[in-house]
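Read-outs throughout are calculated quantities, based only on the coordinates presented, and are distinct from any laboratory measurement. In this text the structure is predicted, and so the values were computed from the model without any measurement. Note that we place each Cβ from the backbone using ideal geometry, even for glycine, and neighbour counts take in every protein chain shown.
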Amino acid sequence: MRVGIAGLDALYWPVAMANGLKGKGVELLGAATLGVSAETIHSALGLAPAEYAQKYGARLYETAEEMVARERLDTVILVSRHSKHAEWAERLAALGVNLFIPKTFTTTLGDAQRIVAAEKRYGVQIAVGPSARYLPPMMAVKEALERDLIGRPFSLRICHHHGTIDVFNRNDWYRDPAEGGPELSLGWYGIDLILHLMQDKASSVYAEYGNFTSPDSPFMDCGRMLLRMAGGGLASFDMYFCERVPYPSWQLEILGPKGVISIHRTEADPLKPVVAVDGPNGHQALPLPTETPGWEMFWVDDFLAGREPTITAEGALLITRISLAAREAAQSGRPARL
């Protein structure tokens, strides 16, 4: 797989993707600035474009089109501004390359639909991520559900702590309302997990937001979504972007007629949770998988195997639809039908 990255003007994804590709044994051949100045990229990424290219052994380009042609790429990681994802997806899909688009997928439903249409029009594959379903504790929960340890779940509660907005500089996209917001970034993880673990569609969503510790943020820093599932179940997702202490990264409870599966913490390290089931046989810890596809890099395995991506463009469209409906509900004070 011949991979290039289109866009370096971001705090996290250019480095995370380059490091992850090395772990998958896939070479990063090119990096395109998309016309963004070296000064702007350095301000966001902490590396000048030339420094990034040297560090990861990639050749540097200004345009994505030249990079694709000269490097004979079959796959491009798109790290443009979220509001430009649809435009770039259309341009790159027309070149016949597969795409990976890190969340935030898009900032509007119209743009999400454009990406789905481009995938179909040009016959390429578009994968989207990351997905918390590939975190070891979430994989243990899914395996327990598949073993029918608690029966068909009817209630789910997830909490995710994601730090604070302080890590983003004043010019970062995250501070720009036009580039999305927590529903489309933090909400991404929770909605994907809810659909994956409940194995059901959502029929409505309600949300409440607040800003408690980030007065300089244009967005909420603490929010809660409540989804009513088509089968009658309930699922909630707490988005914490408001804690400056090492709070648990993930907590979960999922209830079924035969018991409860939970993710909780028993030691100081929030990244070392315990998964347990309480059921007819009492309380028991569940083993975590020792190998996973990687919650940020699973799409590489999908592309290498020639199978449909775990999260397709159509799947990302659905998550985006629910995310934007949650924002609508928080603004109106009424549940939004889906």
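Odds and ends about this structure:
- For the residue pairs Lys22/Lys142; Lys142/Lys201; Lys142/Lys258; Lys120/Lys201, the alpha carbons lie more than 20 Å apart in Lys22/Lys142; Lys120/Lys201.
- Convex hull volume per residue, computed on the Cα atoms of the chain, equals 134 Å³.
- Backbone geometry of region 326-334 corresponds, through the Karplus equation with coefficients 6.51, -1.76 and 1.60 at θ = phi - 60°, to 3J(HN,Hα) couplings of 5, 4, 4, 5, 5, 6, 8, x, 9 Hz, x marking Gly and Pro.
- When DSSP beta bridges are restricted to pairs lying wholly in the chain, around 60% turn out antiparallel.
- With a Förster radius of 30 Å applied to the C-beta separation of Tyr247 and Thr292, the computed FRET efficiency comes to 0.85.
- Centre-to-centre separation between the Cα atoms of region 203-254 and those of region 1-19: 28 Å.
- Whole-Hz couplings from phi, Karplus 6.51/-1.76/1.60, listed for region 244-258; x for Gly and Pro: 9, 10, x, 6, x, 5, 9, 10, 7, 9, 10, 10, x, x, 10
- FRET efficiency for Glu308 and Glu328, using Cβ-Cβ distance with R0 set to 41 Å, rounded to 0.05: 0.85
- 222 nm mean residue ellipticity, helices alone, for the chain (DSSP H n ≥ 4; -39,500 (n - 2.57); rounded to 500): -10500 deg cm²/dmol
- Taken along the Cα-to-beta-carbon direction at a fixed 7 Å, the label points for Thr266 and Phe168 span 3.7 nm.
- Listed residues Gln284, Gln125, Gln113, most fluctuating in the chain (Gaussian network, C-alpha, under 10 Å): Gln284
- The residues Val79, Val97, Val15, when put in order of fewest to most other Cβ atoms within 10 Å, stand as Val15, Val97, Val79.
- Proxy reagent accessibility, fewest Cβ within 10 Å first, across His82, His160: His160, His82
- Once you reduce region 143-165 and region 260-338 to the center of their Cα atoms, the two points are 7 Å from each other.
- The GluC sites (Glu not before Pro) of region 57-123 meeting both criteria, a DSSP state outside H, G, I, E and B (loop) and at most 13 other C-beta atoms within 10 angstrom of the site's C-beta, are Glu62.
- Alpha-carbon centroid distance for the pair region 81-118 / region 27-61, whole angstrom: 21
- Region 244-338: GluC sites (Glu not before Pro) in DSSP loop, at most 15 other beta carbons within 10 Å: Glu267, Glu291
- Placing a label point 7 Å from the Cα of Leu234 along the Cα-to-Cβ direction, the residues of region 309-338 with a backbone N closer than 15 Å are 335.
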